[in-house]
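First up is the structure itself, then whatever we jot down about it.
The values are calculated or read from the model by the stated rules, or taken from the named source; none is laboratory data. The structure displayed is predicted, hence computed values, not measured ones. Here the Cβ positions follow ideal geometry from the backbone for every residue, glycine too, while neighbour counts run over all protein chains shown.
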Amino acid sequence: MPSRKLRVIGQDWEVVLLQKKPNIARALRDPKVVNQAIRSGEPVQTIKKFDGGSNKKAAPVVSVKKLDEAAEPAALERVSTEVRQAIQKARLEKKMSQAELAKRMNERQQVVQEYENGKAVPNQAVLAKMERVLGVKLRGKVGK
């Protein structure tokens with residue numbers, strides 16, 4: 001068998017410094033370095049940025065209001081007065097409250113209230129539920 005010499009393992013207490021390399025590009029842009037280069041007569045490259053330091057807008061600004069008006073219709077169609085009155089009349093003939101009608105339709109009371117006040121945007125599914133519960137025609141030609 002080969003013999004091995006036993007070594008005593010010790011601790012290394014030497015100081016090790018870890019440093020980041022300095023960023024050369026940032027150092028070259030430092031005003032102190034640039035001024036020192038100018039004073040010593042070394043060539044310094046200067047580049048003027050396009051519209052640098054000015055407070056100008058690149059393109060004419062279009063008002064937000066004009067964009068909104070162009071992209072969306074001015075107003076959404078609301079429930080007509082004929083439909084509103086037909087809903088109220090049929091509900092009152094059946095002696096139902098708005099909450100009862102909403103419960104039978106599986107909708108919130110606020111939905112029924114908006115339809116009767118004319119604030120709702122007509123939804124064919126909701127109108128179909130109302131027709132079924134109230135037994136009145138609300139879609140198509142109302143009143144005929």
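Scan the stretch 8-46 for residues that are over 47 Å from the mean Cα position of the chain (by Cα) and either charged (D, E, K, R) or loosely packed, with under 10 Cβ neighbours inside 10 Å (or both) and the total you get is 15. Take the conditions (1) under 35 Å from the mean Cα position of the chain (by Cα); (2) more than 16 Å from THR81 (Cα to Cα); TYR115 misses just one of them, which is (2). Of the helices (runs of 4 or more DSSP H) lying entirely inside the stretch 1-106, the ones with 3 or more residues being modelled with pLDDT under 90 and more than 30 Å from VAL121 (Cβ to Cβ) are found at 24-29, 31-40.
Considered as a group, the residues in the stretch 97-111 that are surrounded by 17 or more Cβ atoms within 10 Å (Cβ to Cβ) and either within 13 Å of VAL83 (Cα to Cα) or aliphatic (A, V, I, L, M) (or both) include one that is farthest from the chain's Cα centre (by Cα), and that residue is LEU101.
The residue pairs whose first member lies in the stretch 112-131 and is loosely packed, with under 13 Cβ neighbours inside 10 Å, whose second member is assigned to a loop (DSSP other than H, G, I, E, B), and whose beta carbons are closer than 7 Å, counting only pairs six or more residues apart or on different chains, are LYS119/ARG78; VAL121/LEU76; VAL121/GLU77; VAL121/ARG78; GLN124/ARG139.
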